[in-house]
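Beneath this line is the structure, given in structure tokens, with notes to follow.
Values quoted throughout were computed directly from the atomic coordinates according to the rules given, and no laboratory measurement underlies them. On a predicted model such as this, the values are computed, not experimentally measured, just so you know. When we count neighbours, we look across all protein chains shown, and the Cβ atoms used for this are built from the backbone with ideal geometry, even at glycine.
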């Protein structure tokens with residue numbers, strides 16, 4: 001499995017290098033990525049309890065009064081194309097994010113009381129080991 005993991009890692013890195021781009025093809029838009037990389041680590045907030053009618057623009061406008069918002073994203077249901085009722089707001093600095101948490105947590109936004117906290121990093125799926133596809137590879141002499 002370690003061989004398959006290293007092969008997957010090598011494939012991802014080579015695809016990023018071969019694309020000729022400094023920004024990854026996943027994650028925030030290129031302008032946001034450049035801003036984050038210039039300013040250091042950004043702070044991402046989790047916002048729960050959003051109204052189904054809250055848009056990304058409305059979320060960004062509500063949180064921009066506390067600092068520079070790099071990205072605001074409302075999570076949408078793929079089937080119904082409605083909001084799932086939560087989203088994420090990314091700030092350029094940790095101080096702005098802390099100020100937004102203190103001011104917006106428990107406040108009303110579009111008729112709903114929202115909960116604002118620091119976003120937790122995603123848990124790795126299968127402890128970072130890729131899902132095996134097909135028959136296992138024969139063991140090498142190093143593994144025996």
Exercise. So how do 53, 91 line up by other beta-carbon neighbours within 10 Å, fewest first?
Worked result: 53, 91
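At a 10 Å Cβ-Cβ cut-off, how would you order 90, 108, 55, 140, fewest neighbours first? Don't skip to the answer; put the middle values down first.
Working: 90 21, 108 11, 55 15, 140 8.
Least crowded to most crowded, the residues run 140, 108, 55, 90.
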For this session: Starting with the fewest neighbours, write out 44, 122, 82 ranked by other beta-carbon atoms found within 10 Å of each beta-carbon.
Result: 122, 82, 44
